[in-house]
Amino acid sequence: MPSHSYLKLALAIGCCLILINLLNASTNWSRFRGPNGQGISSEENLPTSWSSNDYDWIAQLPGSGHSSPVVWQNRVFITSADKTKAKGYLLSIDLHSGTILWTQTIPVEAPKMHPDNSLAASTPVVDETQVYVVWTSKNDIRVIAYTHDGRQQWAATYPPVHSRHGASNSPMLVDNILIITREQETDSPYASSWIGIDKNDGSTVWEIERPTAPDNSFSTPCVMTSETGEQLVVFTSESNGLTAVRPVDGTIIWEVNDIFTSRVVVSPVIDNGYLLSTSRNEGFVFHINSLKTSPDIKYKLEKKFTPYVPTPLMKDNLLYIVMDNGSISCHQLTSGELLWRERPSGAIYGSPVWVDGHIYMITRKGEVIVVQAGETYQLASIIPLDEKSHATPAVADGRLLLRTESKLFCVGSK
């Protein structure tokens, strides 16, 4: 074959791969806060304001919960729970019609937890073949994998989490390794650990025992990826600070200890060589040197810009911070300089997401706030959902998915 023919073939294959990646990016929202947990969507032209007549559909969920929906192509997966009946639910919903395709029910006895927590606080993770869900019960933690049509593939059981506030950590997936955290508080009879599970059969690939702290972490890890494609999983917690782990074998590559003095709920955020992590009392922006050496602290956030529950956003060299009391601020990422700070409505537990130049979030009383992203504050809209919410929006296939305690709203295709 002539050399130019090889070139044409290579270009054709490359274009196909790019199209496949773009399709996956737009139709899949596979974990808590979407791709790598960063809350950034590649979708365009989503509505920034709407009325009650504009919803594509509204699904009624059994029980209640705070978890966020995940999406793979035309299937939505979401958890819910009924504490009085000691039941947890995993539902599959058709993205286009809102039809509930199937429901899996599992007994879940409530552990001790904060009144604001829920049995259905952990967001599932989904890939091309399976959806994975974590249930934290009084006597154990169960990790279960189902096919997209609802058939259970495997189940793994681990000792429970004992803490004042319960647990709500969401799983994440790196290639064939499903990763969960089960951190304890200092009075727990159980050891803390991070666990890597084979997604194909549920076997434990590695488990790292970790020190305990007065407060267990609720943070969900994310991935750092080098230019060569090497990956490390980044964990954040009061007990261990900032830790990078090789996902294949659980090897700790580096660790930054003694930086947090209180519970870590916010998940790590990474962009353009910077990494952000906060606890209830401290917040830091780190500069990442490489995957093999620990990052340096670039600057420390003022306490009034240190969120406890909502995870911030980084986009286009800007840092967006949503505080629990509902204030929203925009900063220069490299310096931390404040550009604007406003409080358009009430308190917020769910995290914000960025879509096509706008930031979407849901208040605790159930209002969707839409703010234009950028160096100047501009409120686009506030839309009531008429029910409380602690959830983070999901975005897929031109649609925005909004979860309240007992309902799932879909808007966008109209």
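A few remarks follow.
- Hits in segment 78-108 - residues which are free of Cβ contacts under 8 Å to residues at least 24 places away in the same chain and outside any strand (DSSP E or B): Thr84, Lys85, Thr99
- From the list Ser290, Ser381, Ser294, the lone residue that is touching a strand residue (DSSP E or B) at 6+ places or on another chain (Cβ under 6 Å), surrounded by fewer than 19 Cβ atoms within 10 Å (Cβ to Cβ), among the polar types (S, T, N, Q) and at pLDDT below 95 is Ser294.
- Residue in segment 167-174 that is free of Cβ contacts under 8 Å to residues at least 24 places away in the same chain and touching a Ser or Thr at 6+ places or on another chain (Cβ under 7 Å) present: no
- So Val161, is it in a loop (DSSP other than H, G, I, E, B), crowded, with 21+ Cβ neighbours inside 10 Å and among the hydrophobic types (A, V, I, L, M, F, W, C): yes
- A single member of Pro111, Pro124 is under 22 Å from the mean Cα position of the chain (by Cα) and buried (at least 18 other Cβ atoms within 10 Å of the Cβ), and it is Pro124.
- The set of residues in segment 195-215 that are free of Cβ contacts under 8 Å to residues at least 60 places away in the same chain and closer than 21 Å to Ser30 by Cα comprises Ile195, Gly196, Ile197, Asp198, Asn200, Asp201, Gly202.
- Within segment 354-368, being in a strand (DSSP E or B) and either surrounded by fewer than 21 Cβ atoms within 10 Å (Cβ to Cβ) or free of Cβ contacts under 8 Å to residues at least 40 places away in the same chain (or both) holds for His358, Glu367, Val368.
- The number of residues in segment 248-272 that are within 20 Å of the chain's Cα centre (by Cα) and surrounded by fewer than 22 Cβ atoms within 10 Å (Cβ to Cβ) comes to 3.
- Each residue in segment 295-348 was checked for being hydroxyl-bearing (Ser, Thr, Tyr), in a strand (DSSP E or B) and without any contact (Cβ under 8 Å) to a residue 40 or more places away in the chain, and 2 pass.
- Scope segment 273-291; condition out of contact with any Asp or Glu (no Cβ under 9 Å at 6 or more places or on another chain) and within 25 Å of Gly34 (Cβ to Cβ); matching residues: Gly273, Tyr274, Leu275, Leu276, Ser277, Thr278, Phe284, Val285
- Residues in segment 379-400 that are part of a strand (DSSP E or B) and of a type outside the set (Ser, Thr, Tyr): Leu379, Ala380, Ile382, Ile383, Pro384, Ala394, Val395, Ala396, Arg399, Leu400.
- Counting only strands (runs of 3 or more DSSP E) that sit completely within segment 165-238, those holding 2 or more residues that are of a type outside the set (A, V, I, L, M, F, W, C) correspond to 177-182, 192-198, 204-210, 231-237.
- Of all the criteria given as (1) part of a loop (DSSP other than H, G, I, E, B); (2) closer than 18 Å to Gly39 by Cβ; (3) modelled with pLDDT of 95 or more, the one not satisfied by Val265 is (3).
- Within segment 52-77, being without any contact (Cβ under 8 Å) to a residue 40 or more places away in the chain and of a type in the set (Ser, Thr, Tyr) holds for one residue alone: Ser52.
- Per the listing Ala120, Ala145, Ala167, Ala110, the residue uniquely in contact with a Gly (Cβ under 6 Å, 6 or more places away or on another chain) and small (Gly, Ala, Ser) is Ala120.
- Within segment 130-158, tally of residues that are more than 16 Å from Trp102 (Cβ to Cβ), in a loop (DSSP other than H, G, I, E, B) and not basic (Lys, Arg): 3
- Scope segment 72-81; condition more than 15 Å from Leu95 (Cβ to Cβ) and either of a type in the set (A, V, I, L, M) or surrounded by fewer than 18 Cβ atoms within 10 Å (Cβ to Cβ) (or both); matching residues: Ala81
- Within segment 218-236, the set of residues being touching a helix residue (DSSP H, G or I) at 6+ places or on another chain (Cβ under 9 Å) and buried (at least 22 other Cβ atoms within 10 Å of the Cβ) comprises Thr220, Pro221, Cys222.
- Residues that are surrounded by fewer than 22 Cβ atoms within 10 Å (Cβ to Cβ), under 23 Å from the mean Cα position of the chain (by Cα) and assigned to a strand (DSSP E or B) within segment 51-71 comprise Ile58, Ala59, Gln60, Ser64, listed in sequence order.
- Extreme residue, nearest to Ala213 (Cα to Cα), among residues of segment 133-169 that are among the hydroxyl-bearing types (Ser, Thr, Tyr) and at pLDDT 95 or above: Tyr158
The values are calculated or read from the model by the stated rules, or taken from the named source; none is laboratory data. Small disclaimer: the values here were computed from a predicted structure and weren't measured. When we count neighbours, we look across all protein chains shown, and the Cβ atoms used for this are built from the backbone with ideal geometry, even at glycine.
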